[in-house]
Amino acid sequence: ASNRIYQKGLMFLLVYAFKELCGYNNTIKLCHPIDKAILVRTTCAFNKSNLEELRKKMFEIVEKDMKIEKCLVTRRDARAYFESIGFNNRADVFRYNTTKFVELYKLGDLYDFFYSSVMPYSTGILGKFDFHYLNNHSFIFRFPTIDTKGDIPPYIERDKILKNFFGILKYVDE
């Protein structure tokens with residue numbers, strides 16, 4: 001369970017850092033698990049140096065040890081918030097939800113929803129992660145797994161899977 005909490009915290013940190021760098025008009029989508037990591041796609045064009053900027057931004061946030069807060073809000077307020085920032089997939093989660101209140105997590109000025117009800121207390125513990133560049137709209141987000149006892153496992157190239165299932169050509173700008 002603690003590994004999933006760490007991974008959810010890293011995902012929130014990634015989204016927050018991306019929004020800080022690229023703005024709310026660009027989207028980031030954590031798409032699919034692949035080789036003990038996550039395939040990430042963005043609408044913002046990324047090259048290797050931009051990915052390095054994202055890494056630095058994430059480490060800055062880790063160093064700041066920013067608090068991650070759990071907030072209880074009405075379902076309608078949550079839906080309105082996500083629609084206002086263009087997180088339409090998040091807003092849709094609350095369309096058919098019948099509960100009156102939902103739990104959101106807050107990091108800086110960004111709120112987000114996670115199906116997990118537990119999140120790290122702050123960003124200060126989230127210092128282990130890495131990226132693997134694919135192309136100008138896709139990269140692999142790597143992090144420690146329970147199998148590697150806190151280390152980031154080496155990335156194993158999965159070019160055929162990326163190409164055949166996700167239409168991603170490695171190192172080819174779309």
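The values are calculated or read from the model by the stated rules, or taken from the named source; none is laboratory data. Here the structure is a predicted model, which is why all the values come from computation and not from measurement. When we count neighbours, we look across all protein chains shown, and the Cβ atoms used for this are built from the backbone with ideal geometry, even at glycine. The protein model used for the area step is the full one, side chains on, heavy atoms only, and it has no ligands, DNA or RNA in it. Shrake-Rupley method; radii C 1.70, N 1.55, O 1.52, S 1.80 Å.
Return a yes/no flag: does region 12-25 have any residue that is more than 22 Å from Gly124 (Cβ to Cβ) and in a strand (DSSP E or B). No: region 12-25 contains no residue that is more than 22 Å from Gly124 (Cβ to Cβ) and in a strand (DSSP E or B). Out of all the residues in region 123-130, is one or more of a type in the set (D, E, K, R), open to solvent by less than 70 Å² (accessible area, probe 1.4 Å), closer than 20 Å to Leu30 by Cα and under 19 Å from the mean Cα position of the chain (by Cα)? Looking for residues that are of a type in the set (D, E, K, R), open to solvent by less than 70 Å² (accessible area, probe 1.4 Å), closer than 20 Å to Leu30 by Cα and under 19 Å from the mean Cα position of the chain (by Cα), one finds at least one in region 123-130, hence yes. Taken over region 90-107, residues that are more than 14 Å from the chain's Cα centre (by Cα) and open to solvent by 30 Å² or more (accessible area, probe 1.4 Å) amount to 10. Reported count of residues in region 38-59, each being without any contact (Cβ under 8 Å) to a residue 12 or more places away in the chain and farther than 16 Å from Asn136 by Cα, is 1. In region 41-65, the residue that is nearest to Lys163 (Cα to Cα) out of those that are among the aliphatic types (A, V, I, L, M) and within 16 Å of the chain's Cα centre (by Cα) is Leu51. Note down all Cβ pairs under 8 Å where the first residue falls in region 148-168 and is closer than 30 Å to Ile125 by Cα, the second is loosely packed, with under 11 Cβ neighbours inside 10 Å and at pLDDT 80 or above, and they're at least six residues apart or on different chains. Every condition considered, the pairs that remain are Pro153/Asp147. Among residues of region 133-158 being crowded, with 18+ Cβ neighbours inside 10 Å and in contact with a strand residue (DSSP E or B) (Cβ under 6 Å, 6 or more places away or on another chain), the one that is farthest from Cys22 (Cα to Cα) is Arg142. Selection of region 111-122 for residues being assigned to a strand (DSSP E or B) and surrounded by fewer than 18 Cβ atoms within 10 Å (Cβ to Cβ) yields only Ser122.
For region 9-48, residues that are open to solvent by 60 Å² or more (accessible area, probe 1.4 Å) and under 28 Å from Thr148 (Cα atoms) total 6. Counting only residues that are outside any helix (DSSP H, G or I) and not hydrophobic (A, V, I, L, M, F, W, C), region 63-101 holds 12 of them.
One residue alone among Phe139, Phe87 is touching an Asp or Glu at 6+ places or on another chain (Cβ under 9 Å), closer than 30 Å to Lys163 by Cβ and either at pLDDT below 95 or not small (Gly, Ala, Ser) (or both), and that residue is Phe87.
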